[in-house]
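**Q** My structure is below; once you've seen it, I'll send some questions.
Just so it is clear, none of the values below were taken in a lab; they were calculated from the coordinates. All values derive from a computational prediction rather than experimental measurement. Backbone-built Cβ (ideal geometry, glycine too); neighbour counts: all protein chains shown.
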Amino acid sequence: MADLLAVLYNGILRVDPKRPDWAERDRFILSKGHACAALYVALAERGFFPDSWLDDFYQDGARLAGHATHVGVPGVEISTGSLGHGLPIACGMALAAKRNRELHRVFVMLSDGECDEGSNWEAALFAPHHRLDNLVVIIDYNKIQSLGTVKEVLDLEPFADKWRAFGWAVQEIDGHNVGQIEQALTDLPAKADKPTCVIAHTIKGKGVSFMEHKLLWHYRSPNSEEMTGAMSELGVTE
Amino acid sequence: MKLAERDSRVFLVVGDLGFGVTEPFAQRFPERYLNAGVAEQNMTGIAAGLALSGKIVFTYSIANFPILRCLEQIRNDVCYHHANVKVVAVGGGFAYGALGATHHATEDLAIMRALPEMSVVAPGDPEEAAAATEAVAAHDGPCYLRLGRAGEQKVHDRPIHFQLGKAIQVRQGGDVTLISTGGMLQTAVETADALSHKGLQVRVLSMHTLKPLDAGAVLTAACETSAIFTLEEHSIIGGLGSAVAETLAESADHEVVFKRFALPSAFACKPGSQEYLRTHFGLGVESLSDAIYAASHARRLFAAGASL
């Protein structure tokens, strides 16, 4: 999902770090709030706050908490952490934009495991009914959730068909292919009068051989040796 | 309707309930009306999204549906973001008594009181309800508005000055105080009348706002009268009685007798009209006035004994 965020914050989202409350900004909600570390890095890179804020992430009294938190953090639209909240809020924002005849768009990123939550399917019914074509759902489909694979825990397949059946314009992409991500998020809406759902097939821990597809790294932080190894595999030299 | 005519930010979101009530608004303000369907979690998330886009949003459903099904959406999406959402529940207490315990909203005040940022309002009669609607709309932030069902009797016989967080004194009296919230106001007034026939001068306070509580009115009553009784159509846990008890317990400047009249923490095992269920649980005028008279009589005997 780091690749998805990188593309979003590198030209897709119309946002202005100098005016985080700019009324015409695109809204982005990270509904999978547990993945906030990646969001915070993207926001810092984009200039919403200094890189130094990242240093004490998750520590006592820090600015940045372990789930996406809007309080005191410019650029975080909505605090999340309990799953299944982002899409309904995004529907409300998209509806407000429609009713106000405003042109900004609302993007929301969900996890696959999060799609177990019924509230998402309430919202999935709602958005096409109200023709919210200013709404884009991006699903980080890495096929792993808290206690096992999605297939084992609560299978979502046929996943794209479900969204299509609810009335969404669905695109399936390789969530690590920058070209595909850009293409999917550039010509929006994918179909007139329909909300867009981009199912991004991803690999958890992409690019680090000992992390890829491993449930363990949903929970663990790397020690310094693992960190060095991971950075080297990713080609990060600093 | 009047609110929406005055303020273009007012937006009504309903959970597919309100037959015969919501149509005029929907027809007059189609751009500011939404039926979210039978989906309260989504309804509340949408309300937060609308409010964070500048609307003053009223969510509307009956009994427990707009609060318990979507409690976490109210906590996280509305309260945490200080979203300007007013959660309106029609049918507080036993208003839908005959529909069975699923439709008895008897823990709502306790649960809503516990949420940060949330103001909790339960008006006592139609006049208070109209004023409360204006007041919550004017208040910047989350509010819970507990209403009865249309058709309650008007209690106030003169114009009221309604202010969030300020109790309204409905009857003057120096012997004992009855504090009621929500639709128990009518019962409180009738109980006060019954007690006055027995020689007790009864003060009646309508505590339409449970949070923030008017602690000043409670403490004044504790100093000026010898007993305080709370009346609510709500569980004994966490509602008006608890809020008043918390205030009294932390203030040492009084020797007031205190008793809560509320519902046991139990499901009503029989259906019945509001009146039937109130009486069943000891919230009828007759049993209340007997119990209050006995408690305050004991107090007077005690006081007389102490002064000898």
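**Q** Give me, ordered by chain and number, the residues 5 or more places off B:ILE56 or on other chains with an amide H under 5 Å from its own placed amide H.
**A** B:VAL10, B:PHE11
**Q** At a Cα cut-off below 20 Å, give the aspartates and glutamates reachable from B:LYS2, other chains included and same-chain residues fewer than 8 away excluded.
**A** Answer for B:LYS2, where 20 Å is the Cα cut-off: B:GLU23, B:GLU31, B:ASP125, B:GLU127, B:GLU128, B:GLU134, B:ASP140, listed by chain and number.
**Q** Leaving out same-chain residues fewer than 8 places away, which lysines sit with a Cα under 29 Å from that of A:LYS206?
**A** Partners found: A:LYS32, A:LYS143, A:LYS151, A:LYS162, A:LYS214.
**Q** Check each of the chymotrypsin sites (Phe, Trp or Tyr not before Pro) in the stretch A:200-232 and keep only those in coil by DSSP with at most 14 other C-beta atoms within 10 angstrom; list them in order.
**A** On the way: sites: A:PHE210, A:TRP217, A:TYR219; in loops: A:PHE210, A:TYR219.
Answer by residue number: A:PHE210, A:TYR219.
**Q** Compute log10 of I(q)/I(0) for chain A with the Debye formula, placing one identical point scatterer on every Cα and leaving out solvent, at q = 0.11, 0.14 Å⁻¹, to two decimals.
**A** For chain A at q = 0.11, 0.14 Å⁻¹, log10 I(q)/I(0) is -0.56, -0.93.
**Q** Take the Cα atoms of the protein assembly as shown, find their three principal axes, and give me the spread along each one in whole Å, biggest first.
**A** Dimensions of the protein assembly as shown along the principal axes of its Cα atoms: 92, 55, 45 Å.
**Q** Right, next: In nm, to one decimal, how far is the modelled label at B:THR22 from the one at B:LYS2, with both set 7 Å along Cα→Cβ?
**A** With each label placed 7 Å out from Cα toward Cβ, I get 2.3 nm.
**Q** Set Lys and Arg Cβ to +1 and Asp and Glu Cβ to -1, take the dipole of the stretch B:181-288 about its Cα centre, and tell me which of B:SER273, B:SER196, B:LEU210 lies farthest positive.
**A** Result: B:SER273, furthest along the dipole toward the positive end.
**Q** Roughly how many Å is it from the Cα centre of the stretch A:102-147 to that of the stretch A:149-176, as a whole number?
**A** A separation of 11 Å, based on Cα centres.
**Q** Further question: Full extension from A:ILE203 to A:GLN183: what is 0.36 nm times the residue separation minus their Cα-Cα distance, to one decimal in nm?
**A** On the way: separation 20, 0.36 × 20 = 7.20 nm, distance 1.97 nm.
Length gained, A:ILE203 through A:GLN183: 5.2 nm.
**Q** At a Förster distance of 45 Å, what's the computed FRET efficiency of A:LYS191 paired with B:GLU286, Cβ-Cβ distance as r, to 0.05? Display every interim value, and only then the final one.
**A** Numbers: r = 67 Å, r/R0 = 1.49.
For A:LYS191 and B:GLU286, the calculated efficiency is 0.10.
**Q** According to a simple spin-label model (label point 7 Å from Cα along Cα-to-Cβ), what is the distance in nm between B:SER273 and A:LEU154?
**A** Here the modelled spin labels are 4.5 nm apart.
**Q** Charges only on Cβ, +1 for Lys and Arg, -1 for Asp and Glu: so what's the dipole of the stretch A:2-202 about the Cα centre, in debye to the nearest 20? The partial results should precede the final answer.
**A** On the way: 19 positive and 28 negative charges, 162 e Å.
Magnitude of the dipole: close to 780 debye.
**Q** Let me ask you something else. Kindly provide the chymotrypsin sites (Phe, Trp or Tyr not before Pro) of the stretch B:199-308 that DSSP labels as loop, not H, G, I, E or B, and whose Cβ sees at most 12 other Cβ atoms within 10 Å.
**A** Working: sites: B:PHE229, B:PHE258, B:PHE261, B:PHE267, B:TYR276, B:PHE281, B:TYR293, B:PHE302; in loops: B:PHE267, B:PHE281.
Qualifying residues, ordered by number: B:PHE267.
**Q** Which distance in nm do the two modelled labels at B:ALA298 and A:ASN100 give, with both placed 7 Å along the Cα-to-Cβ direction?
**A** The two pseudo-label positions are separated by 5.9 nm.
**Q** Quick one: what do you get for chain B if you divide its Cα Rg by 2.2 N^0.38 Å?
**A** Numbers: Rg = 19.7 Å, N = 308, 2.2 N^0.38 = 19.4 Å.
Output field value: 1.02.
**Q** Considering only DSSP beta bridges with both partners in the protein assembly as shown, what is the antiparallel share in %, to the nearest 5? Kindly include the intermediate steps, with their values, before the conclusion.
**A** On the way: 9 of 69 bridges.
If I count the DSSP bridges inside the protein assembly as shown, around 15 percent turn out antiparallel.
**Q** State the answer as a single residue: which of B:GLN153, B:PRO30, B:PHE261 lies farthest towards the positive end of the charge dipole of chain B, with beta carbon charges of +1 for Lys and Arg and -1 for Asp and Glu, about the Cα centre.
**A** About the Cα centre, the residue reaching furthest to the positive side is B:PRO30.
**Q** Same structure again: So how many Å³ per residue does the convex hull of the Cα atoms of the stretch A:58-126 work out to? Can you show the working numbers first?
**A** On the way: hull volume 6.7 nm³, N = 69.
Per-residue hull volume (Cα only) is 97 Å³.
**Q** Report, as an integer, the average count of C-beta atoms from other chains found within 10 Å of each Cβ along A:103-115. Before the final figure, lay out each step's value.
**A** Numbers: counts 0, 1, 0, 2, 0, 0, 0, 0, 0, 0, 0, 0, 0.
Partner Cβ neighbours, averaged per residue: 0.
**Q** Inside 10 Å of the C-beta atoms of A:75-84, what's the mean count of C-beta atoms belonging to other chains? Show your work: numbers first, answer last.
**A** Working: counts 0, 0, 3, 8, 4, 2, 2, 5, 0, 5.
That average works out to 3.
**Q** Take B:SER196, B:SER8 and order them by how many other Cβ atoms sit within 10 Å, fewest up front. Spell out each step's value before the answer.
**A** Working: B:SER196 15, B:SER8 12.
If I rank by nearby Cβ atoms, fewest first, I get B:SER8, B:SER196.
**Q** Using 19 Å as the cut-off for backbone N distance, which residues of the stretch A:98-132 belong to the label zone defined by a point 7 Å from the Cα of B:VAL38 along Cα→Cβ?
**A** A:118-127, A:129
**Q** Provide the FRET efficiency to the nearest 0.05 for the A:ARG131-A:ASP161 pair, computing r from the beta carbons and using R0 = 30 Å.
**A** On the way: r = 21 Å, r/R0 = 0.70.
About 0.90, to the nearest 0.05.
**Q** Taking neighbour Cβ counts within 10 Å as the exposure measure, how do A:LYS32, B:LYS270 sort from fewest upward? Mind dumping the intermediate values first?
**A** Values: A:LYS32 25, B:LYS270 11.
Fewest to most other Cβ atoms nearby, the residues stand as B:LYS270, A:LYS32.
**Q** Where in the stretch A:82-125 are there trypsin sites (Lys or Arg not before Pro) that are in a DSSP coil and have at most 16 other Cβ atoms within 10 angstrom of their Cβ?
**A** Answer by residue number: A:ARG101.
**Q** Per residue of B:70-77, count partner chain C-beta atoms within 10 Å of its C-beta, then hand back the mean as an integer.
**A** Working: counts 2, 0, 4, 6, 0, 1, 8, 9.
Mean shielding count: 4.
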